[in-house]
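The values are calculated or read from the model by the stated rules, or taken from the named source; none is laboratory data. Model, not experiment: these values are computed from the prediction. Reconstructed Cβ throughout: ideal geometry from the backbone, glycine too, with neighbour counts over all protein chains shown. With ligands, DNA and RNA removed, areas are computed over all heavy atoms of the protein, side chains included. Shrake-Rupley method; radii C 1.70, N 1.55, O 1.52, S 1.80 Å.
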Amino acid sequence: MGSNSIIRKAVLACGIAFAGALVPAAFTTASAAEIAADKSNDALYADAKAEGSVVVYTSNVLAGMNAVSADFMAQYPGITVEVTRIVGMQQYQRFAQEVAANQNIADIINLTDKPVLTELINSGDVARWKVPTFDRFTDEYKVEDGGYALTATIPVLIYNETKVTPEEADILRNSWAGVLDPRFKGRFAVQTQKCGLCYVGVHLFLDPANPAKLPDNFIEKVAAQEPVVYADLTNPIDRVIAGEQDFTYWSWEAIAATKRQSGAPVRFVYPDPTPVFANNYFSVSGHAPHPNAARLYMNWLASEEGAKSFQKHFNGATTLQGVKDERSFASEDWYKPVKTEYKPDFKRWGENYVSDMEKWIDAMSKK
Amino acid sequence: MDATTATETGTAVRTPGARRRPDRHGWLAPDNLLIAALSIVVVVISILPLIYAIDAAFYKETMIGLTTQRSLKAIYEVYFTSEYLSYFWNALSLGFIVTVISVVYGVGMALIISRTDIPFKNTLDLLTIMPMFVSPFTGLIAWISLGSEKTGFINGVLAEVGNFLGFSIEPLVNIWTFGGIVWVMVLFFCPFVYLFTIGNLRGMDSTLEEAARTSGAGTFYTLTRITLPVCLPAILSASLLVFILSTEVYTMPGILGAPDGFVTLTWQIYKDSTTFPVHRAHAAASGTMILWIAVAGLWLQRRLTRKAEKFVTVTGKGFRGKPIPLGVMKWPALIIVGAYIIFADILPLIAIVLSSLMKYSSGVLTADIFTISHYVKFFSLSEVRLALWNTMMLAALAGAVCVVLGFLISYFEVRRSNRVTVTLAFLGTISVAVPGLIYGIGMLWLYLKTPLYGTVWILLLAFVAKYLPYGILVSRSGILQVHPDLEQSARVHGASPLRVIRSILIPIAKPTLIAVLFFVMLSSIKELSASLLLYSQKSPILSVLTWNYMDGGEYQFASAVGVVQTILMIGIVIITRIAFRIKLEAATLSK
């Protein structure tokens, strides 16, 4: 009898708990307040302290982003930055789903796709926010007044300094076709991940104007050099550091420099011409639960302090004009800066991304 | 007299013609209410996410998601085009090869440890199952350090030995191949076969073998004609489980298979779900393909497990016969088991600890490469501390919930056997057949509009859904061990159903339930697939952190996280052994 009553109560409690759990979030929404476009950092900080935190969705390396955020927190005590790493398209999907469900969690998002970002700005899901340094970013590195590429994305060939001679490094630096030199057969790694940086080399190779002066069927010729194919961008870098492969055919400058900073025996070259482009935009969510903290954080990221923090912890090439390149490797004797910049054609990028990547993946798979 | 009669296995069945005892409450009886509540829980936690995930297969795709238009294009392309069928075939062939090798080695080790006089039995037993308590992802990082062709520690040591002896040894091992994938997966799945088989071998009545030997049969004849046939249902059951698990794993074949151009269906699901252009409908359609195999396997496994219950003579006496004397064969037997322990436990643990203490990956170990900075960072990052806390809390809660729900569902399936309770038990176990990635997608969509989204509790639901099958299946075997007469006599003396459960069933089944608790805890600590999609800044867990740091190229910090995760799991194993005197092998589905 007593136990039957307990069972009934338990069942009732379970029912209430589940019903409670399924209550639509619409009833518990938090919406971003309207923030005056000219609100000063001091005013933002005063209100941000009351909000307490800022939630950042990032595609970047977690340790670097945490370090950058720590610099921000040191400058603005009382605000906690909570970083969640969600990469590439996953981040867009998650953000879009959350917005659609009125489950607003992210204050700052970090997308890589310019057309997608433009769409989000126009729909109001990304806030229009002119950072105080707005005019110091060229149009190339901002999407209207809603997205800021704080660093330029630059592909490099990372090599193990104990495996590749300075003479060989020069061959690789002078031309993307340097990799076809017979001496490099079977010594390098490529990857078949789909991402902006992963694609930019292919985009250059298939440029009808052929600015890199590459031979016909270049991709097939690269495959004939028998590279080792990895599934993602980071495995080849780790394998080069370990000495398993001699160099990557191509990776990200920022990771290469960060690894060198940690003592790894790697250097890198910028093969000529070198794509230098925007592929890593930070934006304030149009539905930020912490709208003041989000804008303060965005202002700081786009400031000189933010640029220096990015240089220090990410080794990213800052796009904020007037900031000196203080990255440690830039003063080393082996370092040779980009010779000729190559600017991707984003119209062709949008049209051919899928087919070009398939061509690259197919060629590497059939090597 | 009650209207039911106990069968030999303890399952209650209705006696034809017997009068049913009048029920004072009808449909509102506490039992029925509880069954209804459990049904709701199972549907909400296990079934609805699955339906949501499968539903996505029937939509038209854009480059970044799904439209609202229905379409069969993804289903067609997955089921009828050579591209996806080749991924499917790769998954099946990999699963088949891994299963065959795991079964041969796992059964071999179980026979040696349970049936012979091999020394150090208890130690070998514990070390053989230890890979189950290491995250496969951590193991993968370890094997990249160990088995890479030019810089792997194994080839490095062999080369040094060769140099010392005056000749050169070419690299023997390359983990970045199809063979490498099979090798690492076999190391991780062997313990499943071992546990399934050794449970049967230990519980088996030895008089059959003794009779065979008395009649002049040799050791080999007895093993092949008596011992193994009796264990066959359990071996087949283990084979199916390993096959299902190995077809759904995606990180190992995905990462290690790339240089060989080897792509499995589950890796393609991962890529379709996460990289641009997104093929979410294709991912869902591919998930259904894996699901059918797994459901068929699960159904077959349940049949085989039932048959096993009939065949296996679980007398409670265990194996009391004289162990087979190995004589001079003791050393080869020790080498067989020892080699497994070296490759599955010792080398990966050394490699992962070394990796966690290095500044960067290197095949050459020099003093200046070592650092403890990753551990300093581990304990200084608030996110990592939160992840450690979340991991332990979720593991404990998931374990407790799975024990309670699993026990109740099994109790009703066994003691109130009818279509509803049997269906409930089946539905509760179906999630074991669903790849975690697909489950994660379904959970995300189902709970997106609820306050659970973005909290640690959605991970708890995912863990409960994923590991409830263990709770149900293992509790079931525990309940079957209790003869219904005990409960019936308690009821005759006026005990309520709850009192019967509390005072009779739970005390007897306690060791099994504690084993389930810790087994689910360990599995939850390792879970990655669903967690990757469901975690948020408020709910980081160690497995996701390991992935995130490795994906960001920080292998050494990922290794440090992996080491802490492994210490946590080994700690749980030791606690269960020493404090509770319970072996986690009690939590296998073979019982």
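Restricting the stretch B:171-207 to residues that are aliphatic (A, V, I, L, M) and in a loop (DSSP other than H, G, I, E, B), the residue that is farthest from the chain's Cα centre (by Cα) is B:L172.
Each residue in the stretch A:251-270 was checked for being within 20 Å of the chain's Cα centre (by Cα), within 11 Å of another protein chain (Cβ to nearest Cβ) and open to solvent by less than 10 Å² (accessible area, probe 1.4 Å), and 3 pass. The C-beta contact set for the stretch A:88-111 (first residue more than 16 Å from A:V143 (Cβ to Cβ), second residue of a type in the set (D, E) and part of a helix (DSSP H, G or I), distance under 8 angstrom, 6+ apart or interchain) comprises A:N104/A:E98; A:I105/A:E98; A:A106/A:E98. Of everything listed in (1) surrounded by fewer than 23 Cβ atoms within 10 Å (Cβ to Cβ); (2) of a type in the set (A, V, I, L, M, F, W, C); (3) under 24 Å from A:K49 (Cβ atoms), the single unmet condition for A:A302 is (1). Among the criteria (1) touching a residue at least 60 places away in the same chain (Cβ under 8 Å); (2) part of a helix (DSSP H, G or I); (3) more than 18 Å from B:F137 (Cα to Cα), the one B:F262 does not fulfil is (2).
From the list B:K330, B:K359, the lone residue that is open to solvent by 60 Å² or more (accessible area, probe 1.4 Å), away from chain A (no Cβ under 14 Å) and of a type in the set (K, R) is B:K330. Inspection of the stretch B:104-115 finds a residue satisfying the criterion of being in contact with a Pro (Cβ under 7 Å, 6 or more places away or on another chain) and at pLDDT below 90.
Within the stretch B:73-108, being open to solvent by 30 Å² or more (accessible area, probe 1.4 Å) and in contact with a strand residue (DSSP E or B) (Cβ under 8 Å, 6 or more places away or on another chain) holds for one residue alone: B:K73.
Say whether the condition of being touching a residue at least 24 places away in the same chain (Cβ under 8 Å), within 30 Å of A:S69 (Cα to Cα) and assigned to a helix (DSSP H, G or I) is met by at least one residue in the stretch B:403-414. Taking every residue of the stretch B:403-414 in turn, none turns out to be touching a residue at least 24 places away in the same chain (Cβ under 8 Å), within 30 Å of A:S69 (Cα to Cα) and assigned to a helix (DSSP H, G or I). Looking at the structure I just gave you, is A:V222 buried (at least 22 other Cβ atoms within 10 Å of the Cβ) and either modelled with pLDDT of 95 or more or small (G, A, S) (or both)? Yes: the conditions hold for A:V222. For B:L92, are the conditions met, namely being assigned to a helix (DSSP H, G or I), of a type outside the set (V, I, T) and under 14 Å from B:A283 (Cα atoms)? Here the answer is no, as B:L92 does not meet what is asked. In the set (1) open to solvent by 20 Å² or more (accessible area, probe 1.4 Å); (2) part of a helix (DSSP H, G or I); (3) not assigned by TED's automatic domain parsing to the domain that holds B:P253, the condition left unmet by B:E210 is number (3).
Listed by position, the helices (runs of 4 or more DSSP H) inside the stretch B:494-588 whose residues that are under 23 Å from the mean Cα position of the chain (by Cα) and free of Cβ contacts under 8 Å to residues at least 40 places away in the same chain number at least 1 are B:506-526, B:542-551, B:555-578. Considering only residues that are open to solvent by 20 Å² or more (accessible area, probe 1.4 Å), under 18 Å from B:I472 (Cβ atoms) and not aliphatic (A, V, I, L, M), which ones fall in the stretch B:487-517? If the condition is that a residue be open to solvent by 20 Å² or more (accessible area, probe 1.4 Å), under 18 Å from B:I472 (Cβ atoms) and not aliphatic (A, V, I, L, M), then B:K510, B:P511 are the ones that fit. Scan the stretch A:99-113 and give yes if some residue there is more than 7 Å from chain B (Cβ to nearest Cβ), over 19 Å from B:L534 (Cα atoms) and either of a type in the set (S, T, Y) or in a helix (DSSP H, G or I) (or both), otherwise no. The answer is yes, given that some residue of the stretch A:99-113 is more than 7 Å from chain B (Cβ to nearest Cβ), over 19 Å from B:L534 (Cα atoms) and either of a type in the set (S, T, Y) or in a helix (DSSP H, G or I) (or both).
Just one of the listed residues (A:K163, A:K114) is closer than 30 Å to A:V266 by Cβ, open to solvent by 10 Å² or more (accessible area, probe 1.4 Å) and among the basic types (K, R), namely A:K163. A:A63 falls short on exactly one of the conditions (1) more than 22 Å from A:G147 (Cβ to Cβ); (2) open to solvent by 50 Å² or more (accessible area, probe 1.4 Å), and that condition is (2).
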